[in-house]
1. Does at least one position in the stretch 11-26 carry a residue that is under 27 Å from Asn112 (Cα atoms) and surrounded by 17 or more Cβ atoms within 10 Å (Cβ to Cβ)?
2. Out of Arg59, Arg33, I need the residue that is under 23 Å from Gln87 (Cα atoms), of a type outside the set (S, T, N, Q) and outside any helix (DSSP H, G or I). Which one?
3. Can you pull out every residue in the stretch 86-102 that is β-branched (Val, Ile, Thr) and more than 11 Å from Val40 (Cα to Cα)?
4. When the residues of the stretch 24-64 are narrowed to those that are under 16 Å from the mean Cα position of the chain (by Cα) and hydroxyl-bearing (Ser, Thr, Tyr), which ends up modelled with the lowest pLDDT?
5. Would you confirm whether any residue within the stretch 100-121 is touching an Asp or Glu at 6+ places or on another chain (Cβ under 6 Å), modelled with pLDDT of 70 or more, of a type outside the set (Ser, Thr, Tyr) and part of a loop (DSSP other than H, G, I, E, B)?
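The values are calculated or read from the model by the stated rules, or taken from the named source; none is laboratory data. If you're wondering where the values come from, they're calculated on a predicted model, not measured in any experiment. Because the Cβ atoms are built from the backbone with ideal geometry, glycine has one as well, and the counts that use them run over all protein chains shown.
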Amino acid sequence: MIELPIHGPQLMNLLLASAVAILGAVGIYLLLRARTFETVLGLTLLSYAVNLMLFAMGRLTVGQPPMLNAASEASDRIPAMADPLPQALVLTAIVIGFAMTALLLVLAVRANTEAASDAADPPEDRA
């Protein structure tokens with residue numbers, strides 16, 4: 001078995017940061033390609049990277065309620081609770097990203113049928 005020098009939350013932070021970096025790098029690479037489908041796929045992967053980054057910035061606490069109750073408000077210490085705002089932002093971003101992807105795919109298919117090419121910048125007709 002492989003013994004890693006880091007354990008627990010540090011390993012999870014490293015994996016999450018690596019996933020965001022890989023998704024972002026592949027998304028930017030595909031975004032700069034000359035084909036429309038690859039550009040749409042790059043935008044989608046880039047939006048996934050941003051969603052993961054937003055979710056990670058919310059400091060996810062496992063097993064805690066998303067809202068306070070009357071008993072926890074009466075205590076003097078800061079109550080442990082999950083922050084619902086990053087989760088709501090990511091859910092909204094997922095819905096907007098899905099709609100954007102669907103619209104871009106429809107536009108890409110329409111451009112492909114009219115120009116008979118998948119190139120993002122088709123050559124001009126010089127006839």
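1. Taking the stretch 11-26 first, the residues under 27 Å from Asn112 (Cα atoms) are 23-26.
Filter again for surrounded by 17 or more Cβ atoms within 10 Å (Cβ to Cβ), leaving 23-24.
Scanning the stretch 11-26, I find at least one residue that is under 27 Å from Asn112 (Cα atoms) and surrounded by 17 or more Cβ atoms within 10 Å (Cβ to Cβ), so the answer is yes.
2. Working: Arg33 fails: under 23 Å from Gln87 (Cα atoms).
Within the list Arg59, Arg33, the selection yields Arg59.
3. First, the residues of the stretch 86-102 that are β-branched (Val, Ile, Thr): 90, 92, 94-96, 101.
Within the stretch 86-102, Val90, Thr92, Ile94, Val95, Ile96 qualify.
4. Checked the stretch 24-64; the qualifying residue modelled with the lowest pLDDT is Thr39.
5. Within the stretch 100-121, not a single residue is touching an Asp or Glu at 6+ places or on another chain (Cβ under 6 Å), modelled with pLDDT of 70 or more, of a type outside the set (Ser, Thr, Tyr) and part of a loop (DSSP other than H, G, I, E, B).
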